[in-house]
Amino acid sequence: MNDEQRETISLAILNSHLANERTHLAYLRTSLSMISFGVTINRLSTYLKHLDHLSLHFLLHDAALFGIGMVVMGIGLQIWSMIRYRQVNQDITNSTFRNPEKSILILTVVIVVLGLLSIFWMITTNSVKS
């Protein structure tokens, strides 16, 4: 193998590591957004509960648990992202590939179930109470 081929392989490995890092940072931004949004929903719900004397009832009036759920999902996503980052980093270093089919399937099912539960919660919660 000549120097030009070694340099090409080294650049390919470097690009793979950088792509893995970019993916991890995207998950980091997403999980941070989920955590921030969850805290915002939780605090807004708490604030709206204190407005009971105005007889105002909003969909977010009882959303404190939804906010906590968003924070938990954000933390879970970040943990999963770190595990995935380390696995891919090891695969790049060892020049191997492990298909993440199982983790993708689990993550997808969890998100779909949580989405369906959210829809159920929004339908069953009256946005305006008389």
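When the stretch 73-93 is examined, which residues are found to be farther than 15 Å from R29 by Cα and of a type in the set (A, V, I, L, M, F, W, C)?
Selection gives I83, V88, I92.
Could you please give the count of residues in the stretch 94-118 that are without any contact (Cβ under 8 Å) to a residue 24 or more places away in the chain and either in contact with a Gly (Cβ under 8 Å, 6 or more places away or on another chain) or surrounded by 11 or more Cβ atoms within 10 Å (Cβ to Cβ) (or both)?
Within the stretch 94-118, the first condition is being without any contact (Cβ under 8 Å) to a residue 24 or more places away in the chain, and the residues that meet it are 94-106, 108-113, 115-117.
Applying the additional criterion that residues be either in contact with a Gly (Cβ under 8 Å, 6 or more places away or on another chain) or surrounded by 11 or more Cβ atoms within 10 Å (Cβ to Cβ) (or both) yields 98, 100, 103-104, 106, 110-111, 117.
Number of matching residues: 8.
Of all residues in the stretch 9-65 being touching a helix residue (DSSP H, G or I) at 6+ places or on another chain (Cβ under 7 Å) and in a loop (DSSP other than H, G, I, E, B), which is modelled with the highest pLDDT?
Applying the filter and picking the extreme gives A63.
Of all residues in the stretch 68-93, how many are touching a residue at least 12 places away in the same chain (Cβ under 8 Å) and basic (K, R)?
Number of matching residues: 1.
The values are calculated or read from the model by the stated rules, or taken from the named source; none is laboratory data. Remember, it's a predicted structure, so these values are computed and weren't measured experimentally. When we count neighbours, we look across all protein chains shown, and the Cβ atoms used for this are built from the backbone with ideal geometry, even at glycine.
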